[in-house]
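All remarks here apply to the structure that follows.
What follows is calculated from the coordinates using simple rules that are stated; it is not laboratory data. Every value quoted in this text rests on a predicted model; they were computed, and no experiment measured them. Here the Cβ is made from the backbone with ideal geometry for all residues, glycine too, and neighbour counts use every protein chain on show.
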Amino acid sequence: MKKTLTLTALGLGAVLALSACSAPSGGGNMPGMDHGPSQSASAAAAQTASAGRDHNAADTMFAAMMIPHHRQAVEMSGIMLEKKDLPKPVSELAERIRAAQGPEIETMTGWLNGWGEDPSAHGGHQMQGMMGPDDLDRLKAAQGTEAARMFLTQMIAHHEGALTMAQAESRDGKNPQAVALSKEIVAAQSTEIAEMKQLLAGL
C-alpha cells in the first residue's frame, strides 16, 4: 500500500511540473514584461523622423527653386481666373494648377524650415520656364481666345522648366519625401503639357 501511494504522489508531481512548463508564455503576460510592440513603434517613429530630416544639396535646391516656380504658376492661373469669356477647359485647367501647386508650396517651405535651410541662398540660380515681367503684363492685358492661347503657350514652357528641375531631384535627391514629390510633379505636369497642347491646337 505504501508503495502504491508513493508512486501515485510521484506521478501527480510529474503532471504538475509538466503543466507548469507547458503553459503558453504569450497568453499569460506578466505585468511590465512585454515591451515588444511599444519598442517597435518607437523605433518606427524615430526612423520616420530621421528620414524627414535627412537631405542633401539636391533636395535643398529642388525645394528652394520650385517654390518661386510654383508661385508664378499660381499667379498666372490667378490672372486667368479673373478674366471673362475664357474657354471653359482653360479656366478649369487654371483652377486645377492653382489648387495643386498652392499646397505643394507650403509643403516645400515646411521642408526647408525643418532642414534649417535658407531658401534665399539659392535665389540666384536660373529657373527654366519662368516668365519675365513683360510676359505677365501681356497675359494680364490679353482677353478671350488671345488670353487663352497666350496662357497655354506660357504654361507649357513653364511646366517644361518644372520637369527639368523635378527630374534632377528624382535622380540626385536623397530625402524620400522630396524625391516622391518630384516624381509626382513629373507625372502630373507631363499629363498637363499634353492636355495644354491639345487645347492649344483647338483654339
Open item on the list: Give me a comma-separated list of calculated 3J(HN,Hα) values for segment 156-163, in order, Karplus coefficients 6.51, -1.76, 1.60 applied at θ = phi - 60°, integers in Hz, x for any Gly or Pro.
Closed with: 4, 5, 5, 5, 4, x, 5, 4
Open item on the list: In segment 189-203, whose amide N lies under 14 Å from the spot 7 Å out along Cα-to-Cβ of R149? List them in ranges.
Closed with: 199-203
Task: Label-reachable residues, segment 152-171, where backbone N falls under 15 Å from a point 7 Å from L200's Cα toward its Cβ - done: 152-163
TODO: Alpha carbons only, please: Rg and Dmax for segment 58-139, in angstrom.
DONE: 14.4, 46
Open item on the list: Just to verify a number: FRET efficiency for R53 and E160, C-beta to C-beta distance, R0 = 30 Å, to 0.05?
Closed with: 0.40
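Which value in Å does the Kirkwood hydrodynamic radius of segment 63-203 take, with 1/r averaged over all unlike C-alpha pairs and then inverted?
15.6 Å
Quick one: net charge around Q189, please, counting Lys, Arg +1 and Asp, Glu -1 for every other residue with C-beta under 12 Å from its C-beta. All intermediate terms of the calculation are to be shown ahead of the outcome.
On the way: positive: R96, K183; negative: E104, E160, E184, E192, E195.
That sum, taken over residues with Cβ under 12 Å, equals -3.
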Open item on the list: Net charge within 13 Å of N175 by Cβ-Cβ distance, Lys/Arg positive one each and Asp/Glu negative one each, not counting N175 itself?
Closed with: -2
- [ ] Rank-order 65-72, 169-176, 82-89, 192-199 by packing density, defined as the average count of other C-beta atoms within 10 Å over each peptide's residues, highest first.
- [x] 65-72, 169-176, 192-199, 82-89
Task: Whole-Hz couplings from phi, Karplus 6.51/-1.76/1.60, listed for segment 66-73; x for Gly and Pro - done: 6, 4, x, 5, 5, 4, 5, 4
